[in-house]
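Enquirer: There's a structure below that I have some questions on.
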There are 2 protein chains.
Amino acid sequence: MGDHVRVFAPASASNLGPGFDVLGLALTEPGDVVEAESREAPGVEIVEVTGDGGALPTDAARNVAGLAAADVLRRLDGLDAGPPLRRGVKLWLQKRMPLASGLGSSGASAVAGAVAVNELFGAPIARRELVASALVGEAAASGTPHADNVAPSLLGGIVLVRSYDPLELIDLPVPAALRVALVHPHCEVSTAAARRLTAERSYALDDAVANLGNIAALVDALHRGDLVQFGRSIQDRLVEPVRAHLIPGLADVKAAARSAGAFGCSISGSGPSVFAFAGSDADAASVGDAIRKAFRDSAGLESDVYVGPVNTEGAVRLD
Amino acid sequence: MGDHVRVFAPASASNLGPGFDVLGLALTEPGDVVEAESREAPGVEIVEVTGDGGALPTDAARNVAGLAAADVLRRLDGLDAGPPLRRGVKLWLQKRMPLASGLGSSGASAVAGAVAVNELFGAPIARRELVASALVGEAAASGTPHADNVAPSLLGGIVLVRSYDPLELIDLPVPAALRVALVHPHCEVSTAAARRLTAERSYALDDAVANLGNIAALVDALHRGDLVQFGRSIQDRLVEPVRAHLIPGLADVKAAARSAGAFGCSISGSGPSVFAFAGSDADAASVGDAIRKAFRDSAGLESDVYVGPVNTEGAVRLD
């Protein structure tokens, strides 16, 4: 048991192409940091939220990191849901990424909160088992507990959610050359609103079949390290067409990514960020630049660009 | 160029669990045989249809083998669609499997017709390229050109149809221990009627997501040779629930397969056949027996049972 721990949990790109709600990957940056200390009084206190999260509640019962932390406290003592808790923690949440960005911001906060509290008490809960606690936080933010941000942020890599009930996570292979360009244009998309948009519709079988073919080919490509097939499989006929209008300039952005040689490009999470893939750092940088330029030229939006490999570590304790 | 060729094309199980219209595999038996001879008069003549195909037309323009054969003749001479053809063939079609069974009967006939004619003229068209010709026949039988029977019957193995436009086929790994039990109860399901049933509906996103998670896990399991995960991923929330009532006793059959240790069980094609998987010949035989008994006890139906490995050869020339 330490007196004080600091944990970094990375951003993540979810809804990878055909893999709505089931495929996500961890980024190397940005990410959130949670510091945790134990305190005498039981329960979770959020001392401060700094960084990009000024609008977030410090009420622990309404904060994703606070909710995830409380769930870990509950499990540490084998308690049923809800208070009263026996142990107490103080949390400091440093938001190092924008909200409502499609970067898995709430998921990263929830993961950092869950891991920090578990580490504070000697890490008795196995890493994989913390997904459930982080999901308690994530569900509060998005309205539904989807694991394709939380799982990669916690575990690293490219994670498949085979099933939600029971929760089954599968680590997919990460080809060594794979690079991600993640571009966040400066506008906001509400996750809850984006989810309503897709949940209220019904879908044609042909479109589901198209996604089934593509996600199967995507997994096959990861196993064989075939980045061209991987990129060709980043196609979404179910959700992207419904949400595309939420992201200004998306058609131009995708065309620009393609022209710059990207292996696939689509909406990250519920947007407005987009991800694209490449086979080298230099190519990923070119793709990121092309996407940034397209957001500026076609939608008048400035962007942040993150380029790097898939983060295979996931959440890490800093000190 | 030979004067006379005989080609066997195997039955296939399609719509593998979550993989409606995109995943199929070839069986070792049953299958169809087509004999071909060249003739002076251009065009395709079907001399005789024997075996289980008494009801099939010998009019080549209405017979799947005849249509596939005519498409190969057309391509051999670089002709556009439709007559007049330059070369001529006589075909004998031996149906060695029941129609409307869910075993890919029309697909096997189409494949055998296409391969036989190509072989007769020295096999100038590459094996993979014959899928398109076989699909011309298959489309006539089912109303839509779906490739998940034709492709495995032609190529062998477990084949993924990533996309139909353009047609892209991917060979998936076949774990060495994998065994299939295919059980055909003696009743009929019309492919066209079954397809209308599913095509006329719309689908909930949650059900599509469930199939996406399962097909991704299924492909991952094939690459890792994990038969337990493979079996757990044989779940279909899109099509099986809509078609289940077409197959008498299906719920009992699936329960019996599970009890006998099957790694997954679902409808083959549009039924009434069902497939199940096992990890050894003995286990597959037990599973096949359990399914046969369940069809008899719960629906009063006798069945044919086929047990064996996945056929990795596909269509073969016999002489």
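The values are calculated or read from the model by the stated rules, or taken from the named source; none is laboratory data. Predicted model only: the values in this text are computed from it and were never measured. Neighbour counts are summed over all protein chains in view; Cβ atoms, including those assigned to glycine, are modelled from backbone coordinates with ideal geometry.
Enquirer: Select from segment B:213-230 the residues that are out of contact with any strand residue (DSSP E or B) (no Cβ under 6 Å at 6 or more places or on another chain) and either touching a residue at least 24 places away in the same chain (Cβ under 8 Å) or not in a helix (DSSP H, G or I) (or both) and list them in ascending order.
Expert: B:Asn214, B:Ile215, B:Leu218, B:Val219, B:His223, B:Gly225, B:Asp226, B:Leu227, B:Val228, B:Phe230
Enquirer: Out of the residues in segment A:168-207 that are surrounded by 20 or more Cβ atoms within 10 Å (Cβ to Cβ) and of a type in the set (Gly, Ala, Ser), which is modelled with the lowest pLDDT?
Expert: Across segment A:168-207, the extreme among qualifying residues is A:Ala194.
Enquirer: Right, here's the next one. Kindly provide the set of residues from segment A:190-212 that are facing chain B (nearest Cβ under 8 Å) and not in a helix (DSSP H, G or I), ordered by number.
Expert: Those that are facing chain B (nearest Cβ under 8 Å) and not in a helix (DSSP H, G or I): A:Arg201, A:Ser202, A:Tyr203, A:Ala204.
Enquirer: I'd like the full set of residues that are farther than 24 Å from B:Leu250 by Cβ, away from every other protein chain (no Cβ under 13 Å) and part of a helix (DSSP H, G or I), limited to segment B:133-184.
Expert: Within segment B:133-184, B:Ser133, B:Ala134, B:Leu135, B:Val136, B:Gly137, B:Glu138, B:Ala139, B:Ala140, B:Val150, B:Ser153, B:Leu154, B:Leu155 qualify.
Enquirer: Testing B:Leu250 on (1) more than 23 Å from B:Arg292 (Cα to Cα); (2) under 21 Å from the mean Cα position of the chain (by Cα), one condition comes back false. Which one is that?
Expert: (1)
Enquirer: Looking at A:Leu160, A:Leu155, which is the one that is at pLDDT 95 or above, buried (at least 24 other Cβ atoms within 10 Å of the Cβ), outside the structural domain of A:Ala192 (by TED's automatic domain parsing) and among the aliphatic types (A, V, I, L, M)? Break it down stepwise before answering.
Expert: Values: A:Leu155 fails: buried (at least 24 other Cβ atoms within 10 Å of the Cβ).
A:Leu160 is the lone residue from the list that is at pLDDT 95 or above, buried (at least 24 other Cβ atoms within 10 Å of the Cβ), outside the structural domain of A:Ala192 (by TED's automatic domain parsing) and among the aliphatic types (A, V, I, L, M).
Enquirer: From A:Thr58, A:Thr28, which residue is out of contact with any Lys or Arg (no Cβ under 7 Å at 6 or more places or on another chain) and in a strand (DSSP E or B)? Step through it out loud before you land on a result.
Expert: Values: A:Thr58 fails: in a strand (DSSP E or B).
Of the residues listed, the single one that is out of contact with any Lys or Arg (no Cβ under 7 Å at 6 or more places or on another chain) and in a strand (DSSP E or B) is A:Thr28.
Enquirer: A further question follows. Is there any pair linking a residue in segment B:289-303 that is farther than 18 Å from B:Leu246 by Cβ and among the hydrophobic types (A, V, I, L, M, F, W, C) to one that is surrounded by 21 or more Cβ atoms within 10 Å (Cβ to Cβ) and modelled with pLDDT of 95 or more, with Cβ under 9 Å and at least six apart or on different chains, and which?
Expert: Once the first residue is farther than 18 Å from B:Leu246 by Cβ and among the hydrophobic types (A, V, I, L, M, F, W, C) and sits in segment B:289-303, its partners that are surrounded by 21 or more Cβ atoms within 10 Å (Cβ to Cβ) and modelled with pLDDT of 95 or more give B:Ala290/B:Ala181; B:Ala290/B:Val253; B:Ala290/B:Ala256; B:Ala290/B:Ala257; B:Ala290/B:Ala260; B:Ala290/B:Ala262; B:Ala290/B:Ala276.
Enquirer: Any idea which residue in segment B:11-45 is farthest from B:Leu67 (Cα to Cα), counting only those that are among the small types (Gly, Ala, Ser) and within 14 Å of chain A (Cβ to nearest Cβ)? Break it down into steps so the answer makes sense when it comes.
Expert: The initial filter retains those residues of segment B:11-45 that are among the small types (Gly, Ala, Ser), namely B:11-14, B:17, B:19, B:24, B:26, B:31, B:36, B:38, B:41, B:43.
Pick out the ones that are also within 14 Å of chain A (Cβ to nearest Cβ) and you get B:14, B:17, B:19, B:24.
Values: B:Ser14: 22, B:Gly17: 30, B:Gly19: 27, B:Gly24: 22 Å.
Restricting to residues being among the small types (Gly, Ala, Ser) and within 14 Å of chain A (Cβ to nearest Cβ), the top hit is B:Gly17.
Enquirer: Still on this structure: Let me spell it out: the conditions are (1) of a type outside the set (Gly, Ala, Ser); (2) under 21 Å from A:Leu99 (Cβ atoms); (3) not in a loop (DSSP other than H, G, I, E, B), and A:Asp289 meets all of them except one. Which number is the exception?
Expert: Unmet condition: (2).
Enquirer: Please state which one of A:Ala68, A:Ala36, A:Ala41 is within 28 Å of A:His184 (Cα to Cα), in contact (Cβ under 8 Å) with a residue 12 or more places away in the chain and hydrophobic (A, V, I, L, M, F, W, C). Walk me through how you get there before you give the answer.
Expert: Values: A:Ala36 fails: within 28 Å of A:His184 (Cα to Cα); A:Ala41 fails: within 28 Å of A:His184 (Cα to Cα).
Going through A:Ala68, A:Ala36, A:Ala41 in turn, just one is within 28 Å of A:His184 (Cα to Cα), in contact (Cβ under 8 Å) with a residue 12 or more places away in the chain and hydrophobic (A, V, I, L, M, F, W, C): A:Ala68.
Enquirer: To continue, here is another question. Exactly one of these conditions fails for A:Ala141: (1) buried (at least 19 other Cβ atoms within 10 Å of the Cβ); (2) in contact with an Asp or Glu (Cβ under 9 Å, 6 or more places away or on another chain). Give me its number.
Expert: Single failed check for A:Ala141: (2).
Enquirer: Residues that are touching a strand residue (DSSP E or B) at 6+ places or on another chain (Cβ under 8 Å), surrounded by 24 or more Cβ atoms within 10 Å (Cβ to Cβ), at pLDDT 95 or above and closer than 28 Å to B:Val174 by Cβ: does segment B:72-85 have at least one?
Expert: Within segment B:72-85, none of the residues are touching a strand residue (DSSP E or B) at 6+ places or on another chain (Cβ under 8 Å), surrounded by 24 or more Cβ atoms within 10 Å (Cβ to Cβ), at pLDDT 95 or above and closer than 28 Å to B:Val174 by Cβ.
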